[in-house]
1. So residue 192 clears everything in (1) within 20 Å of the chain's Cα centre (by Cα); (2) aromatic (Phe, Trp, Tyr); (3) over 16 Å from residue 167 (Cβ atoms) except one condition, right? Which one?
2. So which residues in the stretch 163-182 are at pLDDT below 95, within 15 Å of residue 200 (Cβ to Cβ) and among the aliphatic types (A, V, I, L, M)?
3. Residues that are among the charged types (D, E, K, R), under 30 Å from residue 32 (Cβ atoms) and either exposed (fewer than 15 other Cβ atoms within 10 Å of the Cβ) or in contact with a Leu (Cβ under 7 Å, 6 or more places away or on another chain) (or both): does the stretch 76-95 have at least one?
4. Look through the stretch 11-26, keep the residues that are modelled with pLDDT of 85 or more and not in a helix (DSSP H, G or I), and return whichever of them is surrounded by the most Cβ atoms within 10 Å (Cβ to Cβ).
5. Could you tell me how many of the residues in the stretch 43-101 are acidic (Asp, Glu) and part of a loop (DSSP other than H, G, I, E, B)?
6. Can you name the residue in the stretch 196-228 that is assigned to a strand (DSSP E or B) and among the aromatic types (Phe, Trp, Tyr) and is also farthest from residue 246 (Cα to Cα) among such residues?
7. So which residues in the stretch 93-102 are within 16 Å of residue 145 (Cβ to Cβ) and hydrophobic (A, V, I, L, M, F, W, C)?
8. Spot the failing condition for residue 106; the list is (1) touching a residue at least 24 places away in the same chain (Cβ under 8 Å); (2) in a loop (DSSP other than H, G, I, E, B); (3) not aromatic (Phe, Trp, Tyr), and only one is missed.
Amino acid sequence: MNSVCDGGATVIPGLPNDVAAWILSKVPYSHHARLKSTCKSWKLLLSSRSFLNSLNKRNHLLCIFPQDPSIASPFLFDPNALAWCPLPPMPCNPHVYGLCNFAAVPLGPHLYVLGGSLFDTRSFPIDRPSPSSATFRFNFHDFSWEPRAPMLTPRGSFACAVVQGRILVAGGGSRHTMFGAAGTRIRSVERYEVGRDRWVAMDPLPGFRAGCVGFVGGEGREFWVVGGYGASRTISGVFPVDEYYRDAVVMAVEGGAWREVGDVWGDGERVRIGKIVVVDDDGCPTLFMLDGNEILRNSKVQTAKEGRNNVHSNLSPKK
């Protein structure tokens, strides 16, 4: 690891800098903030792009958001070292509070936090949640947040994925976790171009959809949007309930055209779809449906060219 320290500063006396960098790379990332205060050369090394890139190739970190990240610190978890590290809170807007249903996606040496639903003291009525268009980026080089260009359409509870170095968002609305139903729904789809720091509108979803999940399929050529809810109805004309989707829609990244995929859960599934989580296993996305502490269903989505419309369902509950 050459030129990790400006001016050729010695990292550890008596050792070549490459060897010293290899030794420090064995320290869990969660402890780097404390190591940076040791000396200037350690701070330069631990903040250098080449050093962090070498860590990205073999380390995976999990970011946890316990509450509104502008009020409570998010946390990084290193599963290899079983170590936690608090991040600084996001920049705070004194007029808004209760941010939830936002999306967080990693891209390069950054973590992006997009949109969400919140309460704004300047709106009326004050107890009605509003969607947010804000975009914030956390820089792992200097451990700081910075605002980026806002989305064209405010949204929370939306599908989001990183496709070919760009961030795609689809659908969403204003639903807040304090309310079990109601809220707006949208069809809007946008693409974030990182280098230009700008959002570009794309072809909208075939229908209104919020509370959905997004992932990449087709060897990086497709953007899948699964589940969520669209139209709502009321019980006895009073209590609002959602009409949950059992299907998916897929966008070809190159052409931008959408196609519809049928029921992804198969026969026997409940009418009301639970929280959906996607796990990418070597390019083969697996969908898990959560209900409390149980995993009720899981499905393997076949995104290969010969069978990319198929979803193989395992209908046995998991613990």
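The values are calculated or read from the model by the stated rules, or taken from the named source; none is laboratory data. Predicted model, so just to flag it, every value in this text is computed and none were measured. Reconstructed Cβ throughout: ideal geometry from the backbone, glycine too, with neighbour counts over all protein chains shown. In case anyone asks, the SASA skips ligands and DNA or RNA and just uses the protein heavy atoms, side chains included. Shrake-Rupley method; radii C 1.70, N 1.55, O 1.52, S 1.80 Å.
1. Every condition holds for residue 192 apart from (3).
2. Hit for the stretch 163-182 is 163, nothing else.
3. There is at least one residue in the stretch 76-95 that is among the charged types (D, E, K, R), under 30 Å from residue 32 (Cβ atoms) and either exposed (fewer than 15 other Cβ atoms within 10 Å of the Cβ) or in contact with a Leu (Cβ under 7 Å, 6 or more places away or on another chain) (or both).
4. 11
5. Residues of the stretch 43-101 acidic (Asp, Glu): 68, 78.
Pick out the ones that are also part of a loop (DSSP other than H, G, I, E, B) and you get 68.
Summing the residues that are acidic (Asp, Glu) and part of a loop (DSSP other than H, G, I, E, B) in the stretch 43-101 gives 1.
6. By that ranking, first place goes to 199.
7. 96, 99, 102, listed by residue number.
8. If we test residue 106 against (1) touching a residue at least 24 places away in the same chain (Cβ under 8 Å); (2) in a loop (DSSP other than H, G, I, E, B); (3) not aromatic (Phe, Trp, Tyr), just (2) comes out false.
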